[in-house]
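The values are calculated or read from the model by the stated rules, or taken from the named source; none is laboratory data. The structure displayed is predicted, hence computed values, not measured ones. Here Cβ is always computed from backbone atoms with ideal geometry, including for glycine, and neighbour counts include all displayed protein chains.
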Amino acid sequence: MRAPDKAVRQWRWPIVLAVSTLVGLLAALIGGGGVWWAVSWAALASPLVVLVVCLIPHDRRAASGLPPLRRTELTPP
C-alpha cells in the first residue's frame with residue numbers, strides 16, 4: 001500500500017468529525033433558530049456519539065450483540 005493511501009485511511013474519520021463540528025458551530029452562530037439549531041445539535045453531537053460507541057469495551061459489545069470494532073494496525077515505516 002502506498003503512503004498517501006495510508007494517510008487517507010488514517011485521517012478520513014478525524015477529518016469528517018472536524019468538518020461536522022465546524023458545520024455545527026457555524027450553524028449555531030449563523031442560524032437564528034428552527035432548522036439551524038437542529039443542524040447545530042446534530043452536527044455537534046456526532047463526535048460525542050462516536051466517542052461513546054468507541055469507548056464501549058469489546059466484551060460489552062459482544063454481549064449486547066453489536067459487532068466488534070475493526071482494529072487497524074499501523075505498522076512503522
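The residues in segment 1-48 that are more than 15 Å from the chain's Cα centre (by Cα), small (Gly, Ala, Ser) and modelled with pLDDT of 90 or more can be counted, and the count is 4.
Residues that are surrounded by 10 or more Cβ atoms within 10 Å (Cβ to Cβ) and modelled with pLDDT of 70 or more within segment 49-65 comprise Val49, Val50, Leu51, Val53, Ile56, listed in sequence order. For segment 67-75, the criterion of being modelled with pLDDT of 85 or more and either closer than 20 Å to Gln10 by Cβ or not in a helix (DSSP H, G or I) (or both) is met by none of the residues.
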